[in-house]
Amino acid sequence: MKILRAITFGIFITCLQLISVEAFAENRVLTRLPVGTIKIVEGTNIVKASSGDSTIAKVAAFDHSNIKVFGVKPGWTYLSILDAGGGITVHELEVHVNVGSLKENLINAFPADTCIKIQPILEYIVLRGYVSQDKKADVLKLAQAYVGKATNVIDGLQSIARIDCD
């Protein structure tokens, strides 16, 4: 029974901390971060920093003016920062698929056949733009191979006979 009370109390305190961070945050910031990368978030007189869900983003390290956040997997979470004056800043973190050099690879593979924009959204990438009619399937296949099976490629491409990106 004592163990059950201790667990219940721990869950209550954790929920209370999460509610208080969200409710009393003085500043909210949207921060986008690709999976597998580190982003440095700047602050002033940082006392504490924590991630809401460490399976999505982890606080890699911090000092009194910088926090290193590592994108683990696609999803939404938050980074809460407490400064020495008691101020709280909440960064809403969107960790998304790292498309890195996908666009460069598509341009190199299909130099005269594509005019594509790539937008990562969590575990999806959206391909928009124009592609030669006979190359569309190859473009989608290359994009899927680049991002892997865990990522969904959304086809927003238009097939046309002649490409002119200007």
Restricting the stretch 134-166 to residues that are modelled with pLDDT under 85 and part of a helix (DSSP H, G or I), the one farthest from residue 112 (Cα to Cα) turns out to be 147
In the stretch 109-127, residues that are in contact (Cβ under 8 Å) with a residue 40 or more places away in the chain, under 16 Å from residue 99 (Cβ atoms) and surrounded by 17 or more Cβ atoms within 10 Å (Cβ to Cβ) total 4
Of the residues in the stretch 52-64, those that are of a type outside the set (D, E, K, R) and either modelled with pLDDT of 90 or more or crowded, with 18+ Cβ neighbours inside 10 Å (or both) come to 52, 54, 55, 56, 57, 59, 62
From the option list 69, 29, single residue qualifying as among the aliphatic types (A, V, I, L, M), outside the structural domain of residue 119 (by TED's automatic domain parsing), at pLDDT below 90 and assigned to a strand (DSSP E or B) is 29
Considering the stretch 114-144, residues that are more than 20 Å from the chain's Cα centre (by Cα) and among the small types (Gly, Ala, Ser), and then whichever is farthest from residue 76 (Cα to Cα), we arrive at 132
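Residue check: is residue 77 within 17 Å of residue 51 (Cα to Cα) and at pLDDT 90 or above?
In short, yes.
The values are calculated or read from the model by the stated rules, or taken from the named source; none is laboratory data. All values derive from a computational prediction rather than experimental measurement. In this analysis, Cβ positions are derived from the backbone assuming ideal geometry, glycine residues included, and neighbour counts consider all displayed protein chains.
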